[in-house]
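> This is the structure, below, for whatever I ask next.
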Amino acid sequence: MKAIKEPTLYIHGWRFLQIGLLMHVWIVGDLGFRAFILILLLLILTSLRWRFRLPVWSVLLDVLLCLLLFPYTDIHYVALAIPMFELALRGKWMLSLLLVAGFSLLHALHVIDSTIDLIFWYHLHAFLFGCFSWLTIKSQQSYKREADEQRKARAELERIKMDLLEANHSAIHHAELMERYRISRQLHDHLGHDLTGALLATQAYEYVKNSEEGDKLLAEVRQRLERSTVSLREAVHNVTPTAMIGVERLDYIISSFQHKDIAFYKAGDMLLVSAYMWGLLEACLKEALTNVARHSDATKVKVDLQVTESIVRLSIHDNGSVTAGSHEGSGLRGLKLRARSIGGSLSVNGQDGFLVVCVIPLEKVGGADEATNRR
């Protein structure tokens with residue numbers, strides 16, 4: 001995208017161009033020393049405006065300088081274009097227009113004489129260019145304000161998104177800890193007591209000589225073991241998910257996709273992958289397979305899931321040719337943002353078929369699990 005040039009560049013160029021024009025008129029007309037002093041003072045004011053933002057009342061200095069040479073030379077007619085332009089540039093276009101109309105009327109009534117032709121059109125040109133520059137600066141300022149507001153809104157949305165992701169990760173981690181605590185309490189309060197009681201009963205059975213007492217102890221051991229079995233079965237049933245999650249969910253998505261021949265390879269410890277990571281991997285797989293079904297002429301698709309101690313990597317590669325509709329769309333762009341928000345990356349390559357690779361780091365998750373295990 002090309003940079004937008006500042007309108008002040010053209011404004012300063014016009015100012016110094018007028019000084020050059022005055023120098024030309026002074027040299028050609030041989031107007032004397034007073035005209036040169038006027039040009040020099042106007043050059044100083046123009047240089048100050050180039051370096052600093054002078055107040056509006058400073059334009060009166062230009063007008064007074066021109067009026068001081070009113071009885072001596074006609075160059076002040078040309079020089080008056082500068083204050084007319086400056087007034088219009090500052091948004092005081094009514095004053096500038098009155099100045100143009102006033103001197104034009106005096107010239108038309110022959111109250112003042114000028115040897116320069118078309119002086120009215122020259123002044124009108126300065127007035128119109130000043131108004132145009134003022135409108136351009138206002139439009140640019142409005143555009144910058146809108147751009148700043150949009151950048152601020154995008155930054156705020158990005159911050160909110162990061163806060164939501166962090167809160168989601170925290171909620172998932174808290175839920176995992178609560179579930180572990182619940183399971184540990186259930187096993188300790190029910191299964192642990194029954195197994196401990198059964199162990200003590202079997203130890204006491206070795207020292208019992210009365211057969212009736214021994215039978216009672218064996219019955220108690222049997223009862224406690226049956227109760228422990230029921231408690232263990234209930235605990236396993238409660239922690240077993242009712243819906244498919246993790247790699248089983250990926251298997252289900254691939255088995256349900258019947259458009260192409262798909263080979264699914266997986267390796268590594270799948271338990272290292274957190275729930276929110278599985279959500280991103282599932283979304284990547286769905287998006288890639290949807291693009292294959294809609295846009296690709298591929299006959300084979302290879303899905304490879306690799307889990308190491310540091311990263312999880314999912315790649316979906318088809319052997320189709322890249323067509324006009326297989327370029328990166330809004331779905332892949334959204335997945336890139338999701339992957340970047342959790343410290344991962346998603347890349348797309350269309351040189352040899354179409355390849356989508358999602359990589360997510362596991363260092364933070366591993367550190368959190370180790371801290372939990374230490375507690």
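The values are calculated or read from the model by the stated rules, or taken from the named source; none is laboratory data. Computed from a predicted model, the values in this text were never measured in an experiment. Cβ placement follows ideal geometry from the backbone for every residue including glycine, while neighbour counts extend to all protein chains displayed.
> Count, please, the residues in region 178-196 that happen to be at pLDDT below 80 and exposed (fewer than 14 other Cβ atoms within 10 Å of the Cβ). Full working, then the answer.
Filtering region 178-196 for residues at pLDDT below 80 gives 179-196.
After this cut, where a residue has to be exposed (fewer than 14 other Cβ atoms within 10 Å of the Cβ) as well, the list is 179-182, 184-185, 188-189, 196.
Selection size over region 178-196: 9.
> Being modelled with pLDDT of 85 or more, at negative phi and out of contact with any Lys or Arg (no Cβ under 7 Å at 6 or more places or on another chain) is true for just one of LEU128, LEU199. Which residue is that?
LEU128
> A further question on this structure: What are the residues in region 257-276 that are touching a helix residue (DSSP H, G or I) at 6+ places or on another chain (Cβ under 8 Å) and in a helix (DSSP H, G or I), if any?
MET270, LEU272, ALA275, TYR276
> Of all residues in region 166-211 being over 19 Å from GLU226 (Cβ atoms) and aromatic (Phe, Trp, Tyr), which is farthest from the chain's Cα centre (by Cα)?
TYR207
> On the given criteria, is GLU156 under 28 Å from ALA339 (Cβ atoms), at pLDDT below 85, of a type in the set (D, E, K, R) and not assigned by TED's automatic domain parsing to the domain that holds TYR77?
no
> Would you mind stating whether LEU40 is in contact with an Asp or Glu (Cβ under 9 Å, 6 or more places away or on another chain) and at pLDDT 85 or above?
no
> Output yes when any residue across region 39-49 is of a type in the set (Lys, Arg), in contact with a Ser or Thr (Cβ under 6 Å, 6 or more places away or on another chain) and closer than 30 Å to LYS144 by Cα, and no when none is.
no
To keep it simple, each residue is scored yes or no on (1) more than 12 Å from ALA79 (Cα to Cα); (2) within 41 Å of the chain's Cα centre (by Cα); (3) in a helix (DSSP H, G or I).
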| residue | (1), (2), (3) |
| --- | --- |
| LEU9 | yes, yes, yes |
| HIS12 | yes, yes, yes |
| GLN18 | no, no, yes |
| ILE39 | no, no, yes |
| ILE44 | yes, no, yes |
| ARG49 | yes, yes, yes |
| ARG53 | yes, yes, no |
| SER58 | yes, no, yes |
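> Something else now. Pairs under 6 Å by beta carbon, first residue touching a residue at least 40 places away in the same chain (Cβ under 8 Å) in region 203-232, partner surrounded by 14 or more Cβ atoms within 10 Å (Cβ to Cβ) and not β-branched (Val, Ile, Thr), six or more apart or different chains?
From residues that are touching a residue at least 40 places away in the same chain (Cβ under 8 Å), the pairs are SER231/HIS190; SER231/LEU191; LEU232/LEU191.
> Just for region 43-67: of the residues that are polar (S, T, N, Q) and closer than 20 Å to GLY20 by Cα, which one is surrounded by the fewest Cβ atoms within 10 Å (Cβ to Cβ)?
Per the criteria, the residue is SER47.
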